[in-house]
Amino acid sequence: MEHWKESQLKKLSHTEDINIAFRMSLDFVKNLGYKFCAFSTSSTTASSDCNVLRLNNFPSGWNARYAQNNANQPDPIADHCEHSMLPVLWSEQLFCKTPWLWQMLQQQGLPHGWSQAIHDEESGLRSILSLARSHCPISPYELYENLGFTVFISRHLHALASRAYPKKPSHPPLSIREVEVLKLSATGKTAFEIARILSLSERTINFHVHRAIEKLGVNNKIAAVIAATRSRAI
């Protein structure tokens, strides 16, 4: 690694203020050849946009126009990053369902860019780091050449941002029997079938399902199975 990269990343790793850390990250990515940088976070536990953090040096007016135009339309970058932590290059094809956003990127001098996500299942926090420039396209080789640096940056910014978010509430541990019942439910077994398999009454099976639903903070058996699977309880 070149000395300047190692030096700047070391300084960044010791920075505790997210605004200062973002400015340092911006200086770093500019040296990599990207004029623009954006970092945003949102929480899966948040009930409104008031908990969304957005930091960027995008052209003046971008944020207001984006918020106005994106109110009722999906952002393909956000959609990709919601489901994957693999980096994605911006392209006309990526924005084929939202041509207004692709046109706005061109108009605002952001025609070439890429984004990557950080998913934190423990806290429910999602972060997206995006880099962009106007002067030349970004090749897949260049993207992966710089991926290690940007993962380091995004993880550090994510860690700083997560301090401002409430932790996702933890649930009481499921009992051995509750785990057994949910595992069988996940295979499509009914309460009657599970009762026969476990040599219990159907009423007892429904009791265990109800207790699991309460512990996981969900509303029904299907949601309980999904929540238990995501938390690796089953």
- Item | Spatial separation of Cα centroids for segment 103-143 and segment 150-214, in angstrom | 34
- Per-pair calculated FRET efficiency, R0 = 41 Å: T187 and K97 via Cβ, rounded to 0.05: 0.70
- Query: Using the Kirkwood formula over every pair of different C-alpha atoms, what hydrodynamic radius in Å results for the chain?
  - Reply: 20.5
- Query: Which angle from 0 to 90°, rounded to the nearest 10, does the C-alpha axis of helix 221-230 make with the longest principal axis of the chain?
  - Reply: 50
- Roughly how many debye, to the nearest 20, is the charge dipole of the chain about its Cα centre, given +1 on each Lys and Arg Cβ, -1 on each Asp and Glu Cβ, and no other charges? 460
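Please state the shape class of segment 1-137: rounded when a/c is under 1.5, otherwise prolate if a/b exceeds b/c and oblate if not, all from the C-alpha gyration tensor.
In terms of gyration-tensor shape, oblate.
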- Would you mind giving the average projected area, over all directions, of the Cα convex hull of segment 176-230 in nm² with one decimal? 3.2
- Note on the structure: Any residue on another chain or 5+ positions along whose placed amide H is under 5 Å from the amide H of S134 is listed here as K35
- Note on the structure: Where a ≥ b ≥ c are root eigenvalues of the Cα gyration tensor, a/c under 1.5 meaning rounded, otherwise prolate if a/b exceeds b/c and oblate otherwise, segment 1-43 counts as oblate
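Read the figures in this text as sums done on the coordinates, not as results from a lab. A quick note: this is a predicted structure, and the numbers were derived from the prediction, not measured. Quick reminder, even Gly has a Cβ in these numbers, built from the backbone with ideal geometry, and neighbours come from all protein chains shown.
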